[in-house]
Amino acid sequence: MDPLLDSPPPETAQNGASFNDRLKDKLRKSAFWASFMRQALSLGQKDLVDFMDLLLSPASKVLNKWFETDVLKATLATDAVIGSTASVHTPGSGYVLLHHVMGETDGERGIWSYVEGGMGSVSSAIANAARESGAHIVTSAEVSQLMIKDSGTVNGVLLADGTEVLSPIVLSNATPYKTFLELVPNNTLPDDFTRALKYSDYSSATTKINLAVDKLPQFQCCKLNHPDAGPQHVGTIHIGSESMEEIDLACQDAVNGVPSRRPVIEMTIPSVLDKTISPPGKHVINLFVQYTPYKPSDGSWGDSAYRESFAQKCFSLIEEYAPGFSSSIIGYDMLTPPDLEREIGLTGGNIFHGAMGLDSLFLMRPVKGWSSYRTPLQGLYLCGSGTHPGGGVMGAPGRNAAHVVLQDVEKR
């Protein structure tokens, strides 16, 4: 998979390209597919069929094949549905499982890590590297519209305060929907392109709850008599789903329009390892919760009482495993799908900038015919998770997009 992740998809050159560009394009595609076929053949038919089975199958089928214990299968299955509205029985969810476990940290495959100082430290590190290379970064400068010439070429961005920032190249890591259907002026894009974006899947059933607590949760299954941090607090803690059937039932609640009666919760406690994000004796807890429909049929996320009721449902579920958890809460912040859309710009609240189904990957991400980070508007590029290879903290979409931009600049 690594060669596929680390390079732009072999997209066909668009109409209007010169003869030399079309020739180079054909040579690049031929080299790509030749390399791909060599790797596929090196696997042998059995391994290749097993790989295709993993990509196309429901996660439940994959996990039932490899594991026996219900709790272990349920623990692994959450990686197949996180950030989506899919069930563990949805065909193709096996790929989402693979997507979440094939990454690495410091060369260790499948390892996840905490970032010291919180996830904002990643952005700060990238910003510092950019400044060292001469970049000028402006924050708190909302873009209200992309400026497009009559020729269909990008000319910069218009800020909300009326400031015009002129540039022949603009990269957007907003979602494809927000970029093209909210920031690009009307009647600028081809109808088929706009239609494909409009009907792409941006659905999400994920809610994030961040808590401050005055003590660590004491899980009764550990049978410990001291409040100190232990290995049970360091990794991802899965709560409320002890079998894949329970995850599917939680998903069916959302399909029926209501938040899961017994939510699927992934808990992390980064402050156990990172002492920079909380005062001594206090801790930060993050909850990734599913399934929460964008527009629940039994209430509204805009209703404070409805929000509080769901949050307390999550806390009560944790209380089953860690008695006294609710009384340890100092305060919390909850981000439902509409909150994630409004505050962070995630269309539909989807953390991947669009579904990670097999129909939305590789040459079909964000839409068919435009997977190479270029867009119908010359000079405008996409570089976010809505492009290949999709979501996750890996930087591959941005890195690949940067290489494409540099290639185009060299051509000019």
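The values are calculated or read from the model by the stated rules, or taken from the named source; none is laboratory data. None of the values given here were measured: they were computed from a predicted structure. Glycine also receives a Cβ, built like all others from the backbone with ideal geometry; neighbour counts cover every protein chain displayed. Side chains included, ligands, DNA and RNA excluded: accessible areas come from the protein's heavy atoms. Shrake-Rupley method; radii C 1.70, N 1.55, O 1.52, S 1.80 Å.
Failed condition for L181, given (1) more than 30 Å from L287 (Cβ to Cβ); (2) in contact with a strand residue (DSSP E or B) (Cβ under 6 Å, 6 or more places away or on another chain); (3) of a type in the set (A, V, I, L, M), with all others met?
Every condition holds for L181 apart from (2).
Within the stretch 257-290, which residues are within 20 Å of I351 (Cβ to Cβ), in contact with a Pro (Cβ under 7 Å, 6 or more places away or on another chain) and part of a loop (DSSP other than H, G, I, E, B)?
P259 - this is the single residue of the stretch 257-290 that is within 20 Å of I351 (Cβ to Cβ), in contact with a Pro (Cβ under 7 Å, 6 or more places away or on another chain) and part of a loop (DSSP other than H, G, I, E, B).
Could you please find all residues in the stretch 149-177 being over 20 Å from G345 (Cβ atoms) and open to solvent by 40 Å² or more (accessible area, probe 1.4 Å)?
K149, D150, S151, N155, G162, E164, L166, P168, I169
In the stretch 236-250, what residues are more than 23 Å from the chain's Cα centre (by Cα) and among the hydroxyl-bearing types (S, T, Y)?
S243
Can you list residue pairs whose Cβ atoms sit under 6 Å apart, with the first residue in the stretch 305-321 being of a type in the set (A, V, I, L, M, F, W, C) and the second being open to solvent by less than 70 Å² (accessible area, probe 1.4 Å)? Count only pairs 6 or more apart in sequence or on different chains.
Listed by first residue and then by second, the contacts come to F310/P259; A311/M334; C314/P263; C314/V289; F315/S326; L317/G240; I318/I239; I318/F325.
Kindly indicate whether R342 is under 24 Å from L211 (Cβ atoms) and open to solvent by 20 Å² or more (accessible area, probe 1.4 Å).
Considered against the rule, which asks whether it is under 24 Å from L211 (Cβ atoms) and open to solvent by 20 Å² or more (accessible area, probe 1.4 Å), R342 comes out as yes.
Is it true that some residue in the stretch 139-156 is without any contact (Cβ under 8 Å) to a residue 24 or more places away in the chain and under 30 Å from K275 (Cα atoms)?
yes
Of all residues in the stretch 357-371, which are touching a residue at least 12 places away in the same chain (Cβ under 8 Å) and either among the aliphatic types (A, V, I, L, M) or open to solvent by less than 10 Å² (accessible area, probe 1.4 Å) (or both)?
If the condition is that a residue be touching a residue at least 12 places away in the same chain (Cβ under 8 Å) and either among the aliphatic types (A, V, I, L, M) or open to solvent by less than 10 Å² (accessible area, probe 1.4 Å) (or both), then L358, L361, L363, R365, V367, S371 are the ones that fit.
Please verify whether the stretch 276-299 includes one or more residues that are surrounded by fewer than 19 Cβ atoms within 10 Å (Cβ to Cβ), without any contact (Cβ under 8 Å) to a residue 12 or more places away in the chain and among the aliphatic types (A, V, I, L, M).
no
Out of (1) assigned by the TED database to the domain that holds T175; (2) touching a helix residue (DSSP H, G or I) at 6+ places or on another chain (Cβ under 9 Å); (3) of a type outside the set (D, E, K, R), the odd one out for A322 is which?
All conditions are met except number (1).
For the list (1) open to solvent by 80 Å² or more (accessible area, probe 1.4 Å); (2) closer than 30 Å to G152 by Cα, I need the number of the one condition that D25 fails.
(1)
Against the condition under 17 Å from the mean Cα position of the chain (by Cα), open to solvent by 80 Å² or more (accessible area, probe 1.4 Å) and hydrophobic (A, V, I, L, M, F, W, C), how does M119 come out, does it pass?
When the stated conditions are applied, M119 passes them.
So that you can scan it fast, the table gives a plain yes or no per residue for (1) open to solvent by 70 Å² or more (accessible area, probe 1.4 Å); (2) over 30 Å from W66 (Cβ atoms); (3) in contact with a helix residue (DSSP H, G or I) (Cβ under 7 Å, 6 or more places away or on another chain):
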| site | (1), (2), (3) |
| --- | --- |
| H233 | no, no, yes |
| D253 | no, no, no |
| P263 | no, no, yes |
| S271 | no, yes, no |
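Tell me which residues, restricted to the stretch 40-60, are farther than 19 Å from L361 by Cβ, surrounded by fewer than 18 Cβ atoms within 10 Å (Cβ to Cβ) and of a type outside the set (D, E).
Result: L41, S42, L43, G44, Q45, K46, V49.
Looking at S140 and the list (1) within 26 Å of the chain's Cα centre (by Cα); (2) at pLDDT below 95; (3) more than 20 Å from L361 (Cα to Cα); (4) surrounded by 12 or more Cβ atoms within 10 Å (Cβ to Cβ), which single condition is not satisfied?
Failing condition for S140: (4).
Among the helices (runs of 4 or more DSSP H) contained in the stretch 1-117, which hold 1 or more residues that are in contact with a Lys or Arg (Cβ under 6 Å, 6 or more places away or on another chain) and not assigned by the TED database to the domain that holds R365?
Result: 59-66.
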